[in-house]
Amino acid sequence: MATYECSLQGLIVGLTEKNAIMERLVGICGNDSMIDLFQHEIVFSPTVQTPVGPARNDDAVLRLQSRINSEHEKSFKNRQWYLCMQGHPEPQRGRTVSVRPHVRVELSGDVFRYMKSLGYSYSFEVVRKGHLLAYERLLRITVSQVYKLKTKVDVSSAIVVDEDIWMIEVNSTPVPQEQVNQMAEQLNKFKLLLNGIVDLEYVDTRALQNKIHYT
């Protein structure tokens with residue numbers, strides 16, 4: 001059964017705004033709801049390009065994701081990895097949140113060899129550091145900064161892209177199609193709780209397209 005993720009995003013500029021939003025989030029979600037976020041994501045694209053034509057539109061990137069919770073897990077081989085596929089977003093059709101198919105499965109063994117067996121090759125990678133909160137077991141809120149890596153897959157070489165910019169993302173737990181409207185309503189209610197501090201918005205569907213832009 002296909003599942004769908006609903007989301008809203010926003011930008012926070014400067015430490016003062018960041019501290020204000022964190023204070024509000026802890027007040028909403030509770031002191032015990034927050035943990036540190038240290039996430040590594042590696043993006044893969046098809047090794048062989050699909051010939052030009054309608055079938056090429058089905059090409060999409062795949063993502064390897066892992067959370068780092070200790071010094072031991074900074075090593076690439078000492079972490080639990082997940083394969084993530086985010087489908088093309090639904091047309092807005094009056095929606096006030098972003099909605100797209102979402103699949104995430106646990107992996108084991110040599111993940112790079114596995115990706116190669118799928119016909120995919122390394123494209124790029126990022127690290128996100130910040131905070132992760134949960135709201136009523138329905139929503140996942142992250143406040144984070146994006147880092148680039150100077151050395152491939154070495155998270156200790158991560159350098160922040162812009163130290164003044166923080167991203168806030170509110171994502172629902174994946175739900176079946178028939179529960180999307182209900183989950184979208186939950187996100188809009190949560191958005192109201194942050195009024196006056198940050199504007200949460202849906203992202204233009206063109207920015208969320210998961211297509212491969214071959215050169």
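Brief remarks follow.
- Of all residues making up the range 155-170, the number that are touching a residue at least 60 places away in the same chain (Cβ under 8 Å) and open to solvent by 40 Å² or more (accessible area, probe 1.4 Å): 5
- Residue match in the range 109-129 (condition: touching a residue at least 60 places away in the same chain (Cβ under 8 Å), within 30 Å of residue 181 (Cα to Cα) and out of contact with any Lys or Arg (no Cβ under 8 Å at 6 or more places or on another chain)): yes
- In the range 11-53, the residues that are out of contact with any Lys or Arg (no Cβ under 8 Å at 6 or more places or on another chain) and either β-branched (Val, Ile, Thr) or part of a loop (DSSP other than H, G, I, E, B) (or both): 13, 14, 16, 21, 26, 28, 30, 35, 48, 51, 52, 53
- Residue 104 open to solvent by 70 Å² or more (accessible area, probe 1.4 Å) and within 16 Å of the chain's Cα centre (by Cα): yes
- Among the candidates 128, 137, 93, residue that is of a type outside the set (A, V, I, L, M), modelled with pLDDT of 95 or more and open to solvent by 40 Å² or more (accessible area, probe 1.4 Å): 128
- Take the conditions (1) out of contact with any helix residue (DSSP H, G or I) (no Cβ under 7 Å at 6 or more places or on another chain); (2) surrounded by fewer than 19 Cβ atoms within 10 Å (Cβ to Cβ); residue 184 misses just one of them, which is (2).
- Considering the range 34-49, the residues that are open to solvent by 30 Å² or more (accessible area, probe 1.4 Å) and over 28 Å from residue 191 (Cβ atoms) include one that is modelled with the highest pLDDT, namely 47.
- The set of residues in the range 1-28 being loosely packed, with under 15 Cβ neighbours inside 10 Å and farther than 22 Å from residue 192 by Cβ consists of 1, 2, 14, 15, 16.
- When residue 31 is tested against the conditions (1) open to solvent by 20 Å² or more (accessible area, probe 1.4 Å); (2) out of contact with any helix residue (DSSP H, G or I) (no Cβ under 8 Å at 6 or more places or on another chain); (3) over 30 Å from residue 196 (Cβ atoms); (4) at pLDDT below 90, the lone failure is (3).
The values are calculated or read from the model by the stated rules, or taken from the named source; none is laboratory data. What you see is a predicted model, and the numbers here were worked out from it, not measured in a lab. Quick reminder, even Gly has a Cβ in these numbers, built from the backbone with ideal geometry, and neighbours come from all protein chains shown. Accessible surface areas use protein heavy atoms only, side chains included; no ligands, DNA or RNA. Shrake-Rupley method; radii C 1.70, N 1.55, O 1.52, S 1.80 Å.
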